[in-house]
Amino acid sequence: MRNRRTVTTFLAAGAVAATLVPALAPATAAAAENPLRQYLQQKPTWKRCAKDSPATFQCATIKVPLDYGRPGGKKIDLAISRLRSSSTAERRGVLLTNPGGPGGEGVSMPLFLASELPASVKKAYDLVGFDPRGIGQSSPVGCGLTGDEWNWERPYKAKTFAKDVKWARTFAEKCGAKQGDRLRHMTTRNTARDMDVIRAVLGEKKISYLGYSYGTYLGAVYTQMFPRRADRFVLDSAIDPKRVWRGMIQVWAEGAEPAFARWTEWTAQHDAEFGLGATPDAVRKTFWDLVARADRKPIELDGTSLTGDDIRAGRAVFFSVRYAAEQIAELKRAAAGKPPATRKPGTPPRRVPPSFARAVPEDNSVAAFWTVLCADTRAWPRDPDQYRRDAIRDKARYPLYGDFASNIMPCAFWKKSGSEPATVIDNKVRALVLQNEWDSQTPLTSGVGLRRAMKGSRMVTVAGGEGHGVYGAKSCADKTATAYLTTGRLPAKDLTCRAAPAGKQAMNRLPVPTPPGIPGLRQGF
């Protein structure tokens, strides 16, 4: 069995539903008639988040309706957290945060960001986090997945396609049996509505926002639904809203090919250090020879048995040239039966979040990932043969990952009844889009797509920038983002700044998905 790759993430009258939450919740007759009043006037009971977290890091649980079309119906829990502004005099409001996913737990986000964001931002805002509905401490979903059912990164092969179709159908059926009617309410639109409840509960007329990866799409949906309540929005490592969601998985394959070519060129220039080939063609041959070798007989690396498909599934490693060269050099040594080099490859740092008491289903992150991706849009093909044809086509176009990205997925069999259509993003809200040129999960084309949809926004591109997540990663874009959050000033036009040279950039410390090694780590947005 291949290793598990956990994915570190609508009402018909959606426009009407978006107006249900008032800017605040005034104690007037009009508010009494608001069907959401019971949610907007909640008073959170704040307490220390966990025994192993700072006393100043506070958590609370509020209620939101499962179905915003029936606010008097079933309620679900929403876990929220905060670190208060360090300056009462300079406080502007709240900075709501999201780490991506979908499936990323956000309650710990303020604690992570407190060590990365500048003092001026922490003076201006309470840092607020939350676990989106269905995730972590917020009424988490689970599908009862076992064993290889977790693994959704499946390369297309004619002999295994029928088995993959059965897996996708089983995945969807298990989620439907476990979650029932809840599934159609686990959407980005409803999470945006939850954000507006959080805003009202915190007593704010507007919210500012810092969202990474999938969090950029969530933030964009909020600006579309609640444009007058969006203050300063930083959308970091962006999703192209026109490619939600199958297209955003396919863009991984499209982006991996130029990243791989760039890696072969850089690695050839450093052949004396890595010994993978003195020309790009030689480096390319070394890699594909290792894939073929692992297909014949799996390679043992760090206690894991890797097939050629496992190696290809680690496509995101190539967006960081030095890290990729280190990883492939180790793989080459392992294939030759040699011990690991004394210098360990540069692995992304890991930080342990506070431990919370409530149990979460073991498959929550992968279940939540697909729950949102399948419920958000009706655009997933329903015919398995469409996936087969697309996978064959894209394996030829994008040899590294194309057949993975276009193969059958659970959404082909997802129950669609009652779900809203995907949100069309087309507004003039003033926001700041940040994008690394070489981003493993949301390539540059995705950031351009969001910038195009949000016509009032500005974009900062980090030329040569590697990694997933810009702001707080000591990037050349940090100054612009900080100025925007603290003064409200956007650049007069889109900007480009330049990162440190390739191979000399530090690994990203942000709590968002980072380029996985071989084998892959978290695959999500």
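When the stretch 77-86 is filtered for residues that are crowded, with 18+ Cβ neighbours inside 10 Å and closer than 13 Å to Asp131 by Cα, the ones remaining, listed by number, are Leu78, Ala79, Ile80, Ser81, Arg82. Applying the set (1) assigned to a helix (DSSP H, G or I); (2) buried (at least 20 other Cβ atoms within 10 Å of the Cβ) to Trp288 leaves exactly one unmet item: (2). Ile198 - would you say it is of a type in the set (A, V, I, L, M), closer than 16 Å to Trp370 by Cα and either crowded, with 23+ Cβ neighbours inside 10 Å or at pLDDT 95 or above (or both)? In short, no. Note on the stretch 53-68: among residues that are among the small types (Gly, Ala, Ser) and out of contact with any Phe, Trp or Tyr (no Cβ under 8 Å at 6 or more places or on another chain), the one that is surrounded by the most Cβ atoms within 10 Å (Cβ to Cβ) is Ser53. Screening the stretch 74-193 for helices (runs of 4 or more DSSP H) wholly inside it with 1 or more residues that are over 21 Å from Ser213 (Cα atoms), among the aromatic types (Phe, Trp, Tyr) and in contact with an Asp or Glu (Cβ under 8 Å, 6 or more places away or on another chain) returns the ranges 161-179.
Just one of (1) closer than 30 Å to Trp370 by Cβ; (2) outside any helix (DSSP H, G or I) fails for Asp231. It is (1). When every residue of the stretch 379-397 is checked against the conditions, at least one turns out to be out of contact with any strand residue (DSSP E or B) (no Cβ under 9 Å at 6 or more places or on another chain), part of a helix (DSSP H, G or I), modelled with pLDDT of 95 or more and among the β-branched types (Val, Ile, Thr).
Scanning the stretch 111-132 turns up no residue that is modelled with pLDDT of 95 or more and at positive phi.
Taking the stretch 482-506 on its own, how many of its residues are in a loop (DSSP other than H, G, I, E, B) and surrounded by fewer than 16 Cβ atoms within 10 Å (Cβ to Cβ)?
Selection size over the stretch 482-506: 10.
Check the stretch 267-285 and report whether any residue there is surrounded by fewer than 17 Cβ atoms within 10 Å (Cβ to Cβ) and touching a Pro at 6+ places or on another chain (Cβ under 6 Å). Scanning the stretch 267-285 turns up no residue that is surrounded by fewer than 17 Cβ atoms within 10 Å (Cβ to Cβ) and touching a Pro at 6+ places or on another chain (Cβ under 6 Å). Here is the figure for the stretch 86-134: residues that are of a type in the set (Lys, Arg) and under 19 Å from Tyr471 (Cβ atoms) total 3. The set of residues in the stretch 373-392 that are surrounded by 15 or more Cβ atoms within 10 Å (Cβ to Cβ) and either basic (Lys, Arg) or within 14 Å of Trp152 (Cβ to Cβ) (or both) comprises Leu373, Cys374, Arg378, Trp380, Tyr387, Arg388, Ala391. Residues in the stretch 102-145 that are polar (S, T, N, Q) and either in contact with a Leu (Cβ under 6 Å, 6 or more places away or on another chain) or under 20 Å from Thr486 (Cα atoms) (or both): Ser115, Ser120, Ser138. Looking across the stretch 256-275, the residues that are closer than 23 Å to Thr461 by Cα and either at pLDDT below 95 or of a type in the set (A, V, I, L, M) (or both) come down to Ala256, Ala259, Ala261.
The values are calculated or read from the model by the stated rules, or taken from the named source; none is laboratory data. Bear in mind the structure is a predicted one, so any value in this text is a computation, not a measurement. Here Cβ is always computed from backbone atoms with ideal geometry, including for glycine, and neighbour counts include all displayed protein chains.
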